[in-house]
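Encoded as structure tokens, the structure appears first; notes follow it.
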Amino acid sequence: MQEVAKELDVIVDPINVIPIKFFIRGQVYSKPDLEFSNRSGTLNFTSPDPQKYLDRIVLRDSSSLVNDFQGVTVQEIIDYLVEVGEALNYDRNTLMQEACEFSIPFNGLTPSIIETSYRMTPMLFTEPVLKTMVENEIGSRFLDDWTEVPVLSGRAKVRAYGAKALHITAGNVPTVAALTVARGALIKSDNIIKLPSNDPLTAIAILTTMRDVDKTHPVIKHFSAVYWKGGDTEFERRLINPYNIEKIVAWGGHNSIRHIKKLVGPGIDLITLDPKFSISIVGDEAFESEETMKHAAYLAALDSAAFNQEACVTSRTHFVKTTPEKAAIYS
């Protein structure tokens, strides 16, 4: 096939249709019920029909979320995720290699950046990173037990419980899938991940690896990752209601966020991670000498160019405190 293509001077993609799997509470489904095109229309992929699996995707027995994590500490979950991180080693994990290979035609990043992202994924599952994540963002003591806190009337005890959450993730960098899985596991929530059309593979590879590490772990029972075409109102209206979903974490552009807001009603909290507005602020001390200005410009370039400017953390605008002449040199 490839030899004939060379003779005819035609470029033939060896991958015609990429199969996308679903991960639903520890089970992997791969039936190619539906076929879609990627965002550029240059590649097709198949997936199971989410309508057929809705009863498995959602958590029907809400009490199981509390019961399954009864007595399971955040530290025990961290220990488990660290083991998962070791299993995600790119050179040894064929699932990650396959996800990387298939992600290249979906993603706007260069192949080298995509592979580097997959190689960096285990770093997000190391104990220092996981502990920093949970302690800075909520505090493990609130997740493990009732914790006494001061209030105006004296003292009170509070506790954080996991919620039934829907994650509408971005696919601009594979890191988003890893962060979503790590955070969902650490806070002991029930998680449904909508796979993005520009990265429908990373979350499946990570979750399948987690199952392979320990298929009986309660975290596994509370993760589903499925794909449906954005704007599929029929499926979304069946899924997104207070009986099935308590929290929605939505990444995306203006149209995506506007669409999801139309589906959210009373009983569902919406947390939006809107289009990036990242900036850099450079103080006047950066312009005290040519050397400090060069160093500041170098650091600012790193802020602006990460992931080929695809990531939300990349800076779009620089505010500098200096004279117009020095600002022109800086830029």
Next item on the list: State whether one or more residues within region 299-308 are charged (D, E, K, R), in a helix (DSSP H, G or I) and at pLDDT below 85.
Entry: yes
Next item on the list: Please work out if Thr132 is among the hydroxyl-bearing types (Ser, Thr, Tyr) and farther than 25 Å from Arg56 by Cβ.
Entry: yes
Next item on the list: Please state which of the following conditions Leu179 fails to meet, knowing it meets all the rest: (1) within 20 Å of Thr126 (Cβ to Cβ); (2) assigned to a loop (DSSP other than H, G, I, E, B); (3) open to solvent by 20 Å² or more (accessible area, probe 1.4 Å).
Entry: (2)
Note to self: What pairs come out if I take residues in region 28-57 that are within 21 Å of Ile240 (Cβ to Cβ) and pair them with residues that are open to solvent by 50 Å² or more (accessible area, probe 1.4 Å) and in a loop (DSSP other than H, G, I, E, B) whose C-beta lies under 6 Å away, six or more apart or interchain?
What the structure shows: Pro48/Lys31
Check: Name the pairs: first residue in region 282-294 and closer than 13 Å to Thr323 by Cα, second residue among the hydrophobic types (A, V, I, L, M, F, W, C) and not in a helix (DSSP H, G or I), Cβ to Cβ under 6 Å, at least 6 apart or on different chains?
Finding: Val282/Val320
Checklist line | Filtered residues of region 88-113 (kept if open to solvent by less than 40 Å² (accessible area, probe 1.4 Å), modelled with pLDDT of 90 or more and not in a loop (DSSP other than H, G, I, E, B)) | finding: Met96, Ala99, Cys100
Notebook entry, point to check: Which of the following residues is of a type in the set (D, E, K, R) and more than 16 Å from the chain's Cα centre (by Cα): Lys194, Lys164?
Noted result: Lys164
Check: Within region 16-25, can one find any residue that is more than 26 Å from Ile187 (Cα to Cα), among the aliphatic types (A, V, I, L, M) and modelled with pLDDT of 90 or more?
Finding: yes
Check: What number of residues within region 121-133 are within 17 Å of Val176 (Cβ to Cβ) and surrounded by 14 or more Cβ atoms within 10 Å (Cβ to Cβ)?
Finding: 7
Next item on the list: Name every residue in region 256-282 that is under 15 Å from His318 (Cβ atoms), assigned to a loop (DSSP other than H, G, I, E, B) and out of contact with any helix residue (DSSP H, G or I) (no Cβ under 9 Å at 6 or more places or on another chain), in order of residue number.
Entry: Lys276, Phe277
Checklist line | Out of Val72, Val82, sole residue that is part of a helix (DSSP H, G or I) and closer than 26 Å to Ile187 by Cα | finding: Val82
Checklist line | Selection count where residues are open to solvent by less than 20 Å² (accessible area, probe 1.4 Å), within 13 Å of Arg183 (Cα to Cα) and not small (Gly, Ala, Ser), scope region 134-168 | finding: 3
Checklist line | Scan of region 251-271 for residues that are farther than 15 Å from Lys164 by Cβ and either open to solvent by 50 Å² or more (accessible area, probe 1.4 Å) or of a type in the set (A, V, I, L, M, F, W, C) (or both), ordered by number | finding: Trp251, His254, Asn255, Ser256, Ile257, Arg258, His259, Ile260, Lys261, Lys262, Leu263, Pro266
Margin query: Would you confirm whether or not region 204-219 contains a residue that is open to solvent by 10 Å² or more (accessible area, probe 1.4 Å), in a helix (DSSP H, G or I) and over 21 Å from Arg56 (Cβ atoms)?
Written below: yes
Note to self: Here's a check for you: in region 233-250, which residue that is in contact (Cβ under 8 Å) with a residue 40 or more places away in the chain and open to solvent by less than 50 Å² (accessible area, probe 1.4 Å) is farthest from Arg183 (Cα to Cα)?
What the structure shows: Phe235
Note to self: Being farther than 22 Å from Leu65 by Cα, surrounded by 19 or more Cβ atoms within 10 Å (Cβ to Cβ), at pLDDT 95 or above and under 16 Å from the mean Cα position of the chain (by Cα): is that true of Ala225 here?
What the structure shows: no
Check: Among the candidates Val129, Val151, Val173, which residue alone is among the β-branched types (Val, Ile, Thr), in contact with an Asp or Glu (Cβ under 8 Å, 6 or more places away or on another chain) and farther than 19 Å from Thr208 by Cα?
Finding: Val173
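The values are calculated or read from the model by the stated rules, or taken from the named source; none is laboratory data. A quick note: this is a predicted structure, and the numbers were derived from the prediction, not measured. When we count neighbours, we look across all protein chains shown, and the Cβ atoms used for this are built from the backbone with ideal geometry, even at glycine. Each accessible area value is taken on the protein alone, full model and side chains, heavy atoms only, with ligands, DNA and RNA left out. Shrake-Rupley method; radii C 1.70, N 1.55, O 1.52, S 1.80 Å.
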